[in-house]
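To keep things clear, I will list the structure first and then write my remarks on it.
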C-alpha cells in the first residue's frame with residue numbers, strides 16, 4: 001500500500017512550490033507507516049521522458065528526498081511505499097517503475113500472484129526487475145502501449161483487463177509520460193486487511209487512513225496547475241475523482257478527460273440483463 005502525489009503545471013514548478021511546504025511536511029509525516037521506500041518521476045517538457053529516482057529508505061530520513069520535491073518540472077509524481085507482506089524492501093521494488101518512456105506508481109495489492117503471472121508472456125516475465133505485483137500490473141499496461149495505444153488508452157485497457165480478474169483489488173495508480181499524467185481511481189470495493197487496520201490504528205495518522213484509505217482526489221490550483229493525491233494529507237480544495245475511472249491530464253494544456261472502467265456498451269448490456 002502506498003501514498004501517491006502528482007502534479008501538472010503550466011510552467012516548470014516544484015511540488016513544494018505548488019502545494020506549499022506545509023502540505024509536503026504532512027505528506028512526509030505519513031512515512032511513519034509508508035516508510036519502505038520512495039520514488040519520484042519528473043518530466044521537464046512536453047514530449048520528454050520521465051527522469052526517475054527511487055530509494056528503499058524512508059523519505060523522512062533520506063537527504064535525497066527534499067531536492068526531488070524541490071525540483072521544477074512540468075509533470076511530477078511522488079510515491080511513498082508501504083510494502084505488502086512478503087515483498088522485499090529493495091530499490092528494485094520501489095515505485096515509480098520506468099519502462100518504455102513511462103513512469104508508473106501503484107497503491108494497492110493484487111493477490112493471488114499466480115493469476116497475474118498467467119497474464120504475462122515469458123518475455124514479459126523475463127523483463128521484470130523486481131518481485132512486486134505492481135510491476136506486473138505495469139507490464140500489462142505496457143503491452144497495450146506496444147500495440148499502438150497512447151498512454152490514457154493503454155492504461156484504460158490494462159485496468160479493464162485486470163479488473164475482470166481482480167474485482168476487489170485497488171488498482172489506483174499514477175502514470176507519467178511526455179504527454180499525460182494519468183490517474184487510475186479503481187478501488188471502489190477495496191478494503192484493508194485486518195492486520196493493516198490494526199497497524200494504522202496504533203499510529204497517529206489522519207482518520208482518512210481508516211475511513212477512505214484508497215480514495216484518490218484532485219485539486220486545481222489558482223494558476224491552473226492540477227494536483228492529484230491520496231487521502232490523508234494536505235489542505236487543498238480536494239475534489240474526489242470519479243470512482244472506477246481513468247483520468248488523463250494533458251501536460252500541454254492541463255485539461256482533464258475521465259473515462260469510466262465500465263464502458264457504455266457494457267452498461268447497456270447489463271441493463272438489458274437486469275430487465
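Things to note:
- Once you reduce segment 181-242 and segment 55-111 to the center of their Cα atoms, the two points are 17 Å from each other.
- Once C-alpha pairs closer than 8 Å and six or more residues apart are averaged by separation and normalised to the residue number of segment 40-144, the relative contact order reads 26 percent.
- Cα gyration tensor, segment 47-87 - rounded (a/c under 1.5), prolate or oblate: oblate
- Shape class for segment 167-249, computed from the alpha carbon gyration tensor (a ≥ b ≥ c): oblate, with a/c not under 1.5 and a/b at or below b/c.
- Relative contact order [Cα under 8 Å, 6+ residues apart], segment 187-231, whole percent: 31 percent
- For the peptides 194-203, 156-165, 63-72, 93-102, residues were scored by their other Cβ atoms within 10 Å and the scores averaged per peptide; the highest-first order is 93-102, 156-165, 63-72, 194-203.
- Spin-label model distance (nm) - residue 32 vs residue 118, 7 Å beyond Cα toward Cβ: 4.2 nm
- For the chain, the relative contact order comes to 22 percent (Cα pairs under 8 Å, sequence separation of at least 6).
- Over every Cα atom in segment 63-188, the radius of gyration and the widest Cα-Cα span, Dmax, amount to 14.3, 41 Å.
- Simple spin-label estimate for residue 44 and residue 66 in nanometres, 7 Å along Cα-Cβ: 2.4 nm
- Estimated FRET transfer efficiency when R0 is 41 angstrom, pair residue 126-residue 257 (beta carbons, to 0.05): 0.75
- Cα gyration tensor shape for segment 129-268, rounded if a/c is under 1.5, else prolate or oblate: oblate
- FRET efficiency, 1/(1 + (r/R0)^6) with R0 30 Å, evaluated for residue 210 and residue 164 via beta carbons: 0.55
Here, each number is a calculation from the coordinates, and none is a lab measurement. The structure displayed is predicted, hence computed values, not measured ones. With ideal geometry, Cβ positions are generated from the backbone for all residues, glycine too; neighbour counts draw on all protein chains shown.
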